Amino acid sequence: MEIKMEAIGSGGNKETEPILGLVSEIRRTLMRAWTERWSEVQFGVQLKRILASHSDEDVDLAEILLQLALVGSSPKSLLLDYLKHIVLSQVVPHSVMFKHISTYDDLSKPYCIMALIDLAETFATKISFSYGMDSSLQMCKSLLMLVHWLLNHVYRCLQKTQEGKSTPEIPSIIDRASSAIQKTVDKKTVCTLLQIARAETADKYREFEQCEVNVRGTLSQLSQSTGILPSTTVEKVSDMLTSLAQLQDMTLPCEHEEGPLKLKLSSTVNTLVGLEAVLNATNQLQPFVDQTLVLARLTSFEKLSWPELYVEIFRACFMGVIDTPNDSHEELKWASFTFLKIPQIIQKLQVHTIGRDVTVDLEQSFELLLNYPNLLDLADAKQKCDSVEQLIQGCIKLNLLSDRHKQRIMQKRDNERGRALERSSSQTNSIVILRAEATVLSILKVETLDTDYQKSQEPLLSVLCQMTSGKSFEIILAAAASMGELQNFSIKLIKVNEFARHSTGEGGKASQTRASLFDVTFLMLCHIVQHYGLETLQSRHKLCHIVQHYGLDVISVIVQHYGLETLTSNHKDTSETFFVQWAQRWFPEEGKYKNIENCSPLDQNKVEPLMKLFLTSGELRTSLTRWHEVCLNTPFAIQEILFAWEHGAINIDQVKTVLDNVKSWMCCLPVVVSCWLCCYINTADYDRRIKPLFMLEQLMTITNQAESTQLNDRYQFMKTVIELLSQEVLPANHTYRNISKQYIPANEPPAIIFKQTLHNIFSKGWVNLKSLHTLEQVLNLCGCDWFCDQIVNHMLETNKTDELCTAVSLVFALFHMDLENLTLSLLVKTLPSILHSADRTHLMIDPRGYTLARLAVLCITASNVNRGGQKEPYVRVGRKRSRIEVDIEDIDDSEARPSKIRKISEPQLTLHSEDFTFDDLNTREDGEVIPTFDTKEPLNKALVNLFRLMNASIHDQRVTTRTSFIRSFIEETLRCGPQYYRFILQFMPANMLAQLMKTMPGIFQNEQIIHICDLSTLGGRKLAAKAVCHNSYLKVCS
């Protein structure tokens, strides 16, 4: 048989003559090989000699051989063997061969089609991945073209069969193409490359998916008619379609695995609930709901049911109720959180249980809760009531449960009760809190605190005085905090205080009532700041409140009909009010006193008259007094009195007289004087503390009973406020020093107390109230950097997996005391120190290294979610910025470099570095849009810094414990799921993955690689294709 070859003319451009000469020589060689029946090896050797002699020339060998092999109705098998040999011996790239095969569509030559299908199957199943980055990406696209070509021929043959135009060769083509597709996509490497091609050529992939849909539809129609297609053909096509369906599922293998460490949900939930109930009582509900959802996702929530999550929250609440001392402020917080907030939290979590019946889940959770009869019995004994019944009642109010559910659950509870229920004749905390809910709502009504103060001063004063008697005010505050109304209540008190701060000319009893209103509201606001923080007094924008409760749809309707100004109207900015300004300047917060150096009165002329009145036992005329000016000037008058006493100008009796006069006028004046004295004592040396301490003691001493019960209650309220704000400056053995709240003894180093506390909670697996307050005080005293470093060291002391699981669960939850700043300390200080210290390399040996990586990823994820919440409609009431966050901003705004930086073997890239930029992350291919990063955001900068340090460690080209830690960090990041890991991995340097796989071949599976790389960018797709081909070339993946 002769081979028809096109004539090659001798004319033409001189530049094409060498190439034409090479083509002619190849064709002559093919003619000789055909005539002499050379073997594939003989042809390959001769072909390589020809190509070597024309090394500077290029020619498409695949196109030449295919043209000659497919001449006529039947393919030339020998030429196809030659073609197969040169492709498998890598003389011709697979991608080029796939491209030429996928362009042949002459279905009138069925034997040629079948020959090409056999070639495609051979090449796809024996594919080689040893080319450069560009070739790897080209391989992805050519593979997609090849599989699409095969599938398209199946579809065309099915169409011909459906139209009755089938030939004997059609079933064979369908069988071979289906088998080739199935064998091709069964290779993990091919599946991964097809996913990369999906991102690279989205339009082509949609055409491929449409072709698959067409095949399914046509096959379904043909299957309804018997005898049209052989059963074996139908079965092969069905199997092929099943394989293609699995192609779409490229989930991470780690998403369905527990991993080396699994968080203990009970320990984490217990700590988070304790933090929210005790330390963050005024927080809105949404941040805690988000924390719970993040925790659920990070602890393999797919394997955890909603009832199990609910019951862990219930258990944590009852454990907190049992743990609190009787008649303490924390007892009210726990009662209000358990019976008022928890039903609201369940209601908000219900939004995320799409397709589930929250009533069924709640009923199951209460049935699970009944499996802990001892816990419930202790809670009932503590509350002197049925705690489960009270909790169910709260759920019924929000329509989460019905009376029928309550009856069924309580019947089971009565049957399993371990001890008889002892109900108290007096009102228990749970009942009081539930009743206080209605009280708060009535107080916040217009007729109570929003009345015309000028006309209703007496009734208003009576209501406020009733609140301050006994524990009424604490109960009201606890209920208001749980209802989310504490801020609203505080702002209303500030408005009353602003109204009463100066007289409008009235005299007699009216001016005295106004002074009493100022006095009592001042004390109430001081109490709120002491227990709930100054941020409680900050007015929140109306827009945040509306969006939180009604959603964005309501916002758009309001703006459309009433204008934007309707939403932007707000309470008067509380930062401009007297009390807030005074509290920010003078009132101690969390044991931290203000600096009073270089302070001077606004008007010295108003200080001297006050001094004379204090020394002569004079009285102020309430009709003319501006009480806010008296509060601002009284500390300076007392300062002069103290200085005069220190210099011997007055004696102790005169000092007592002055202090008695201060106490006799108004209860707010001893508070403002005590604030100044505490700030003064805090900075004074030991010898200079004696006299101001004596003055402070005199202010806390109530000698004579007042004429009225209301005034006596006010004196007791004042004494409580002064005692609490002076705790940190009183000597350790002082009478007024509350030892029960002194969690860090003065004669013991905080490090020892901290270590003992951690050992206690790690051994128990949960955090009790005392430990929680101790850790909070240590954090406030020692700062985030020290706290983070020490708690991580203590967490990694053990190498037992069970103990590490408990420790990392507790530490992750404890980081929520100040999540953002502790996370920054972990990323900026602790982890770089461990990575670079030769003395701490043992901390990166598994399972310690994996535990550390898991903690870092958990904290980054939770911190990012928490930070993102600030841009959402709700606003989380947070702590003050830590020192590290302030330092980061200072560094960013300053061009100065630290004078000393420790020298180490690896590059030390920190936030202090002059060359700290995001340029490496902004390197993109031509034409790509550069993503924007918030370069002022501390968390972003910390992550860039950490990845740079890890990248420097990898390029050391040694496999060390650092390498293992970095691998664990990336794997744990992927385990978080796509909704979280992309934020972290976007800061990963482009060359880091390649260096990791070079240092440790096969370190990542193909599924992990396509999730590590950002397939939305060209650079990410090239890197992913190269890494996948590298894996296959090393025969790591099948």
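The values are calculated or read from the model by the stated rules, or taken from the named source; none is laboratory data. Just so it is clear, the structure is predicted and the values come from calculations on it, not from any experiment. Heads up, the Cβs are rebuilt from the backbone with ideal geometry, glycines too, and the neighbour counts pull from every protein chain shown. Only protein heavy atoms, including side chains, enter the accessible area calculation; ligands, DNA and RNA are left aside. Shrake-Rupley method; radii C 1.70, N 1.55, O 1.52, S 1.80 Å.
Would you call residue 355 free of Cβ contacts under 8 Å to residues at least 12 places away in the same chain and either of a type outside the set (Asp, Glu) or farther than 21 Å from residue 475 by Cα (or both)? Before the answer, list the steps.
On the way: free of Cβ contacts under 8 Å to residues at least 12 places away in the same chain: yes; either of a type outside the set (Asp, Glu) or farther than 21 Å from residue 475 by Cα (or both): yes.
For residue 355, the condition - free of Cβ contacts under 8 Å to residues at least 12 places away in the same chain and either of a type outside the set (Asp, Glu) or farther than 21 Å from residue 475 by Cα (or both) - is met.
Tell me which helices (runs of 4 or more DSSP H) are completely within region 297-351 and hold 2 or more residues being under 18 Å from residue 483 (Cβ atoms), or say none if there are none. Don't jump to the end; show me each part of the working.
Values: elements: 306-323, 329-336, 342-349.
Correct list: 329-336, 342-349.
When region 73-103 is examined, which residues are found to be open to solvent by less than 10 Å² (accessible area, probe 1.4 Å) and of a type outside the set (Val, Ile, Thr)?
Within region 73-103, 79, 82, 83, 94, 97, 98 qualify.
Residue 106 - would you say it is surrounded by fewer than 18 Cβ atoms within 10 Å (Cβ to Cβ) and of a type outside the set (A, V, I, L, M, F, W, C)?
Working: surrounded by fewer than 18 Cβ atoms within 10 Å (Cβ to Cβ): yes; of a type outside the set (A, V, I, L, M, F, W, C): yes.
Spelling it out, residue 106 is indeed surrounded by fewer than 18 Cβ atoms within 10 Å (Cβ to Cβ) and of a type outside the set (A, V, I, L, M, F, W, C).
List the residue pairs whose Cβ atoms are under 6 Å apart, where the first residue sits in region 187-202 and is over 9 Å from residue 1025 (Cβ atoms), the second is hydroxyl-bearing (Ser, Thr, Tyr) and in a helix (DSSP H, G or I), and the two are 6 or more positions apart or on different chains.
That search, which allows pairs on different chains as well, returns 189/1032; 190/184; 198/205.
Looking only at region 743-758, count how many residues are over 22 Å from residue 816 (Cα atoms) and outside any helix (DSSP H, G or I). Lay out the reasoning, then the answer.
Of all residues in region 743-758, those over 22 Å from residue 816 (Cα atoms) come to 745-749, 752.
Restricting the remaining residues to those that are outside any helix (DSSP H, G or I) gives 745-749.
Count: 5.
Residues of region 192-236 being open to solvent by 40 Å² or more (accessible area, probe 1.4 Å), hydroxyl-bearing (Ser, Thr, Tyr) and either in contact with a Leu (Cβ under 9 Å, 6 or more places away or on another chain) or not in a loop (DSSP other than H, G, I, E, B) (or both), which ones?
The answer is 220, 223, 231, 232.
Could you pull out the residue among 796, 831, 824 that is touching a helix residue (DSSP H, G or I) at 6+ places or on another chain (Cβ under 7 Å), among the hydrophobic types (A, V, I, L, M, F, W, C) and under 24 Å from residue 276 (Cβ atoms)? Talk me through it step by step, then tell me what you get.
Details: 796 fails: under 24 Å from residue 276 (Cβ atoms); 831 fails: under 24 Å from residue 276 (Cβ atoms).
Testing whether each residue is touching a helix residue (DSSP H, G or I) at 6+ places or on another chain (Cβ under 7 Å), among the hydrophobic types (A, V, I, L, M, F, W, C) and under 24 Å from residue 276 (Cβ atoms) leaves just 824.
Please state which of the following conditions residue 890 fails to meet, knowing it meets all the rest: (1) assigned to a helix (DSSP H, G or I); (2) at pLDDT 85 or above.
(2) is the only condition that residue 890 fails.
Considering region 369-378 alone, what residues qualify as being open to solvent by 20 Å² or more (accessible area, probe 1.4 Å), in a helix (DSSP H, G or I) and of a type outside the set (A, V, I, L, M, F, W, C)?
373, 374
If you check every pair at least six apart or on different chains, which have Cβ atoms under 6 Å apart with a residue in region 456-473 that is over 15 Å from residue 522 (Cβ atoms) first and a residue that is open to solvent by 40 Å² or more (accessible area, probe 1.4 Å) second?
Matching pairs, first to second residue: 469/713.
Starting from region 696-712, take each residue that is modelled with pLDDT under 80 and list its partners that are of a type outside the set (Ser, Thr, Tyr), counting only C-beta distances under 7 angstrom and pairs at least six apart or across chains.
What qualifies is 702/719; 705/712; 706/712; 710/465.
Looking only at residues that are within 36 Å of the chain's Cα centre (by Cα) and either assigned to a helix (DSSP H, G or I) or free of Cβ contacts under 8 Å to residues at least 60 places away in the same chain (or both) in region 719-742, which one is farthest from residue 682 (Cα to Cα)?
Among residues in region 719-742 that are within 36 Å of the chain's Cα centre (by Cα) and either assigned to a helix (DSSP H, G or I) or free of Cβ contacts under 8 Å to residues at least 60 places away in the same chain (or both), the one farthest from residue 682 (Cα to Cα) is 740.
Looking only at residues in region 572-611 that are basic (Lys, Arg) and part of a helix (DSSP H, G or I), which one is modelled with the highest pLDDT? Show your work before the answer.
Looking only at region 572-611, we keep the residues that are basic (Lys, Arg), and these are 572, 585, 592, 594, 606.
Adding the requirement that they be part of a helix (DSSP H, G or I) leaves 585, 606.
Details: 585: 87, 606: 82.
Selected residue: 585.
So, of the residues in region 1008-1032 that are open to solvent by less than 30 Å² (accessible area, probe 1.4 Å) and modelled with pLDDT under 85, which turns out to be nearest to residue 198 (Cα to Cα)?
Residue satisfying both the conditions and the ranking: 1029.
Can you tell me which residues in region 732-758 are open to solvent by 40 Å² or more (accessible area, probe 1.4 Å) and either modelled with pLDDT of 80 or more or in contact with a strand residue (DSSP E or B) (Cβ under 9 Å, 6 or more places away or on another chain) (or both)?
If the condition is that a residue be open to solvent by 40 Å² or more (accessible area, probe 1.4 Å) and either modelled with pLDDT of 80 or more or in contact with a strand residue (DSSP E or B) (Cβ under 9 Å, 6 or more places away or on another chain) (or both), then 748, 749, 751, 752, 755, 756 are the ones that fit.
One line per residue, one yes/no per condition, for (1) modelled with pLDDT of 85 or more; (2) among the basic types (Lys, Arg); (3) within 21 Å of residue 59 (Cα to Cα); (4) in contact with a Lys or Arg (Cβ under 7 Å, 6 or more places away or on another chain):
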position	(1), (2), (3), (4)
104	yes, no, yes, no
110	yes, no, no, no
120	yes, no, no, no
135	no, no, yes, no
142	yes, no, yes, yes
152	yes, no, no, no
156	yes, yes, no, no
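Looking at region 633-655, which of the residues that are in a helix (DSSP H, G or I) and aliphatic (A, V, I, L, M) is most open to solvent (accessible area, probe 1.4 Å)?
Step one: of region 633-655, the residues in a helix (DSSP H, G or I) are 633-646, 652-655.
Filter once more, so that each one left must be aliphatic (A, V, I, L, M): 637-638, 641-642, 644, 652, 655.
Details: 637: 0, 638: 0, 641: 5, 642: 0, 644: 26, 652: 70, 655: 1 Å².
Checking each candidate, the answer is 652.
Please enumerate the residues belonging to region 379-405 that are surrounded by fewer than 19 Cβ atoms within 10 Å (Cβ to Cβ) and in a helix (DSSP H, G or I). Please lay out each step first, then the result.
Of the residues in region 379-405, the ones surrounded by fewer than 19 Cβ atoms within 10 Å (Cβ to Cβ) are 381, 384, 389, 393, 396-399, 402-405.
Those that are surrounded by fewer than 19 Cβ atoms within 10 Å (Cβ to Cβ) and in a helix (DSSP H, G or I): 381, 389, 393, 396, 397, 403, 404, 405.
Any residue at all in region 674-681 that's farther than 20 Å from residue 602 by Cβ and open to solvent by 30 Å² or more (accessible area, probe 1.4 Å)?
At the first step, the residues of region 674-681 found to be farther than 20 Å from residue 602 by Cβ are 674, 677-678, 681.
Narrowing the set further to residues that are open to solvent by 30 Å² or more (accessible area, probe 1.4 Å) leaves none.
There is no residue in region 674-681 that is farther than 20 Å from residue 602 by Cβ and open to solvent by 30 Å² or more (accessible area, probe 1.4 Å).
Across region 29-54, which residue is surrounded by the most Cβ atoms within 10 Å (Cβ to Cβ) among those that are of a type in the set (Lys, Arg) and free of Cβ contacts under 8 Å to residues at least 12 places away in the same chain?
Residues of region 29-54 of a type in the set (Lys, Arg): 32, 37, 48-49.
Subset that is free of Cβ contacts under 8 Å to residues at least 12 places away in the same chain: 32, 49.
Working: 32: 12, 49: 10.
The extreme case among them is 32.
Name every residue in region 280-310 that is over 21 Å from residue 855 (Cβ atoms) and either at pLDDT below 85 or open to solvent by 10 Å² or more (accessible area, probe 1.4 Å) (or both), in order of residue number.
280, 281, 282, 283, 284, 285, 286, 302, 303, 305, 306, 308
Is there a residue being touching a Lys or Arg at 6+ places or on another chain (Cβ under 8 Å) and open to solvent by 10 Å² or more (accessible area, probe 1.4 Å) anywhere in region 354-368?
Step one: filter region 354-368 for residues touching a Lys or Arg at 6+ places or on another chain (Cβ under 8 Å), giving 363, 367.
After this cut, where a residue has to be open to solvent by 10 Å² or more (accessible area, probe 1.4 Å) as well, the list is 363, 367.
The answer is yes, given that some residue of region 354-368 is touching a Lys or Arg at 6+ places or on another chain (Cβ under 8 Å) and open to solvent by 10 Å² or more (accessible area, probe 1.4 Å).
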